[in-house]
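Before any comments, here is the structure.
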Amino acid sequence: METIYYLGVDIAKKTFQAALTVDGVNFFDQEVVNSPRTIRVYFQQLSGKFNFPFSRLTVCLEHTGIYSYHLLDFLIKHDVKVSMEPGLQIKQSQGMARGKSDQVDARRIAQYAFKNRQELKLWKAQRPVLQKLKALLCARERLIKVRVQIEVPINESGEFIDEQIQKTLVKTCQSTLKALKKDILRIEGEINCLVKEDPSLSHQTKLATSVPGVGKITALNVILTTGEFERITDVKQFACYAGVAPFEHSSGSSVRGKTRVSKMANMTLKKLLHMAAMSAIQCNEELKIYYERKVSTGKNKMSVLNAVRNKLITRIFACVNQERKYEKNKQPHCIRGRSIVRGIASHCS
């Protein structure tokens with residue numbers, strides 16, 4: 001049986017710590033400068049020292065954003081198997097662990113890869129257009145946050161401070177806010193061009209935005225997160241990742257907590273879905289009636305709104321999977337005294 005080597009990597013901005021193992025017990029450690037040239041040299045030396053081809057190597061690392069780009073670029077070009085795992089998942093798999101250092105973390109990641117070698121999910125690089133789209137969406141989000149941080153306090157202070165001071169604040173920040181608005185519009189223009197020029201991306205965006213309440217930015221974030229509906233194909237899995245899937249909280253006869261959503265979620269995606277649900281209960285008659293009916297029976301507003309978020313997710317996935325835009329008949333169809341709307345991706349509750 002061919003020996004497989006597992007390399008755990010703990011990445012920082014300037015360097016990364018690497019630990020190689022074949023059994024999860026013995027490790028070969030080395031610190032490497034995080035640059036394309038030194039990464040290439042390191043892997044050449046590693047392959048030569050242990051006499052194995054890259055096809056027998058699996059590299060495991062945590063999600064660290066841009067710091068991992070140099071390493072991933074090398075691994076992709078040389079067809080090395082890569083597993084990108086959540087840091088919390090690796091940490092929890094170790095049980096009660098004491099002490100922490102870059103070397104220890106690299107060993108723990110390598111040990112995690114060895115122990116879970118049968119279940120490791122191999123990472124696949126996104127298409128270049130999606131990488132560029134992700135960068136633009138992140139930049140847009142940062143600009144909006146900055147605009148809100150400047151704009152909201154100024155508007156709120158108008159009720160409590162002198163009118164002349166308020167006018168001074170508005171005048172002082174006016175040019176900054178205009179520049180931010182201009183940059184946001186420019187980024188949105190770049191995003192629109194990317195979507196328009198890519199047939200697959202454009203098609204999926206049209207299908208997703210056909211669902212009432214779902215805008216282009218929300219649709220694009222869903223497409224990115226799911227890997228164009230290839231990496232995440234299950235509705236419940238996506239709902240869990242987005243932090244809108246309810247979980248039971250009970251144990252024996254003593255713990256009887258309320259069913260709740262988990263705080264371990266993609267908060268950007270959760271916020272976008274929340275705004276989409278708020279829009280949906282205003283612009284979509286069916287969901288508006290559903291929301292008002294549930295609230296009138298005493299249901300918690302946020303719980304009902306979360307149910308609407310789940311409905312939107314279900315409809316987005318149904319539209320994309322069925323390759324059809326969202327549709328609904330004008331005439332509702334009654335079953336057991338409850339009105340539902342028949343149509344593509346339309347569900348009763």
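The values are calculated or read from the model by the stated rules, or taken from the named source; none is laboratory data. Note that the structure is predicted; figures quoted are calculated from it, not measured. Don't worry about glycine lacking a Cβ; one is built from the backbone with ideal geometry, like all the others, and counts go over all protein chains shown. Only protein heavy atoms, including side chains, enter the accessible area calculation; ligands, DNA and RNA are left aside. Shrake-Rupley method; radii C 1.70, N 1.55, O 1.52, S 1.80 Å.
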| query | If Asp79 passes every condition in (1) open to solvent by less than 50 Å² (accessible area, probe 1.4 Å); (2) among the acidic types (Asp, Glu); (3) at pLDDT 90 or above but one, which one does it miss? | reply | (1)
| Condition test on Val222, is it part of a helix (DSSP H, G or I), under 26 Å from the mean Cα position of the chain (by Cα) and modelled with pLDDT of 90 or more? | yes
| query | Do the conditions hold for Arg107, that is, is it open to solvent by 70 Å² or more (accessible area, probe 1.4 Å) and either at negative phi or of a type outside the set (Gly, Ala, Ser) (or both)? | reply | yes
| request: Report, by residue number, each residue of segment 148-200 that is outside any helix (DSSP H, G or I) and either β-branched (Val, Ile, Thr) or surrounded by 12 or more Cβ atoms within 10 Å (Cβ to Cβ) (or both). | output: Gly158, Ile161, Asp198
| said: Which residue is most open to solvent (accessible area, probe 1.4 Å), if the candidates are limited to segment 51-71 and must be touching a residue at least 40 places away in the same chain (Cβ under 8 Å) and within 19 Å of the chain's Cα centre (by Cα)? | reply: Tyr67
| Among the residues of segment 279-293, is there at least one that is at pLDDT 90 or above, out of contact with any strand residue (DSSP E or B) (no Cβ under 8 Å at 6 or more places or on another chain), closer than 26 Å to Cys138 by Cβ and not basic (Lys, Arg)? | yes
| query | What number goes with the only condition from (1) of a type outside the set (Phe, Trp, Tyr); (2) closer than 21 Å to Met267 by Cα; (3) part of a helix (DSSP H, G or I) that Ile232 does not pass? | reply | (3)
| note | Note on Asn329: of the conditions (1) polar (S, T, N, Q); (2) at pLDDT below 90; (3) in a helix (DSSP H, G or I), unmet is (3)
| Can you name the residue in segment 19-50 that is aliphatic (A, V, I, L, M) and part of a loop (DSSP other than H, G, I, E, B) and, of all such residues, is most open to solvent (accessible area, probe 1.4 Å)? | Val25
